[in-house]
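Chemist: Have a look at the structure that comes next, please.
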Amino acid sequence: HGTMSINEMGNLEIGNIDTVNLAKKYGTPLYVFDVKNIKNNINNFKVGFKHPKIETEIIYASKAFLTIGMCKLIEEQGLSLDVVSGGELYTAKKANFPPNKIYFHGNNKTIEELILALNYGVNKIIIDNEYEIELVNYLCTELDQNVEVLLRVNPGIEAHTHEYIQTANNDSKFGISIFNENICDIISSITDSYHMTLKGFHYHIGSQILDEVSFIKGIEVMMNFVKKIKLTCSYETKELNLGGGFGVYYSKEDSELDLNSCLKNMLSEVNKISKENNITIPKLLIEPGRSIVANSGTTLYKVGATKDTFGGKSFIFVDGGMADNPRTALYDAIYEGAIANKMTNENTNEYTIAGKCCESGDIVIKTITLPKADKNDILAVASTGAYNYSMASNYNRLRKPAVVFVENGKSKVVVKRETYDDIIRNDTL
Ligand code: LLP
């Protein structure tokens, strides 16, 4: 992926840097981010999500991967930011990310989080439920502030992806169903508020979606909703946030989503349906997370022991595992990898890559064919940029790895490796 290449020593390079040297310099496990690839991915969205008749905005879904350095990069690239918690918001604030380009999401924002957001000047809130309408109205009144609001709705679509990352079926915890009988009342409870301006609606059909059809279906259902509520509630939608969910390549098992075609077809579908139904074309927003960072991240591990089991399995043990990448255990995710210092060797052996946690499910890659592995080899696992660092834990009191940005032969640490003191920092007697 991205700027990966193989050098004359047969080692894997990312951003023109030898990953074996990166492992030596910064230690392992190490999350390596290819900055140029992040910029390319962002550019693909800028190029693809454009239409002469439609105003558009791209919002990075920070849950996929967020650090202060990432906020800076996102700001520099001109994208807006989606945050879903006080912690993500605090990170954005510490990076001086412009508050008027932050969208605050979440199905159960706490009072404390909402106050933090309002005090920072965040003025775009995606409302999830009726209680939140009351709460935001109350807090805005107290703090004498005004906010723009999108109402998150659930279009009742089941996209083809893992059950745990489906978000828009009829029993989803997110948003208010488009079939809700009181939808007009809910809309007026926002439009009646002096402090809230309802800009429109937000929906998100799931994550790691690889078929364009699901996205187009989402547009059709939602534009039909826009039309319906114009007629029944006399509410005209100014903005429609289509969510994220654009799937990426992890392994040969995945069909590939043609992002450019998907974006273009989503835009023309909105244009077409708006024209046919005499609807003012809404401004369109998207919130990609994974598709910006997943294939920009690689995890480097050092190989320790290898073990052939009595049952005939060959394990490679690495110095990380489910604590830095829980996705295999959680979602049966499939990753590709390589031995970074043996890129030109022949792939001869079938292995299972396991981590060092005290748990049998601590697997990084279930099956992979690699050159014969030895202790101290550097194992590179590809496409670990999304939902790895952000979902990492300290299970077994492992220290979270460092995060390094690489570009044009240069590397810099954007998150330091945790220390044992970090591990006990909040322990008290
Ligand atoms: N917008 C909303 C409202 C979302 O809920 C999400 C993801 C996104 C945007 C960004 O979706 P993306 O473009 O990254 O697919 N932990 C899971 C993924 C959970 C996604 C949650 N919501 C995983 O590791 O696969």
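Chemist: Can you give the extra length, in nm with one decimal, that the chain gains between S314 and N180 once fully stretched, where that is 0.36 nm per residue apart less the Cα-Cα distance?
Modeler: 42.9 nm
Chemist: Are there cysteines in the chain with no other Cys C-beta under 4.7 Å, and if so, which?
Modeler: C71, C140, C262, C357, C358
Chemist: OK, next. Averaging sequence separations of C-alpha pairs under 8 Å and six or more residues apart, then dividing by the length of the chain, give the relative contact order as a whole percent.
Modeler: Once normalised by length, the contact order is 20 percent.
Chemist: Here is a follow-up. Please work out the Cα center distance from segment 278-305 to segment 177-240, rounded to the nearest Å.
Modeler: 24
Chemist: In debye, nearest 20, what is the charge dipole magnitude of the chain about its Cα centre with +1 on Lys and Arg Cβ and -1 on Asp and Glu Cβ, if you could check?
Modeler: 1060
Chemist: Debye calculation, C-alpha points only, no solvent: report log10 I(q)/I(0) for the chain at q = 0.07, 0.11 Å⁻¹, in the same order as the q values.
Modeler: -0.37, -0.87
Chemist: I've got another one for you. Taking +1 at the Cβ of each Lys and Arg and -1 at the Cβ of each Asp and Glu, which of I273, F317, V406 sits farthest along the dipole of the chain towards its positive end, judged by Cα position relative to the Cα centre?
Modeler: So the residue we want is V406.
Chemist: Next up: What is the antiparallel percent of DSSP beta bridges lying wholly in the chain, to the nearest 5?
Modeler: 45
Chemist: Over 26 Å between Cα atoms: which of K39/K366; K50/K272; K109/K272; K39/K63; K25/K366 fall into that group?
Modeler: Over 26 Å Cα-Cα: K39/K366; K109/K272; K25/K366.
Chemist: At K412 and N278, where each label point lies 7 Å from the Cα along Cα→Cβ, what is the point-to-point distance in nanometres?
Modeler: 5.6
Chemist: Can you tell me which aspartates and glutamates have their Cα less than 12 Å from the Cα of K252? Leave out same-chain residues fewer than eight positions away.
Modeler: Straight-distance partners of K252: E336.
Chemist: Per residue of the chain, what 222 nm ellipticity follows from adding -39500 (n - 2.57) for every DSSP H run with n ≥ 4, rounded to the nearest 500?
Modeler: Counting only the DSSP helices, I get -9000 deg cm²/dmol.
Bear in mind that the values in this text are calculations on the coordinates, not laboratory data. Quick caveat, the model's predicted, so the values are computed rather than measured. Glycine also receives a Cβ, built like all others from the backbone with ideal geometry; neighbour counts cover every protein chain displayed.
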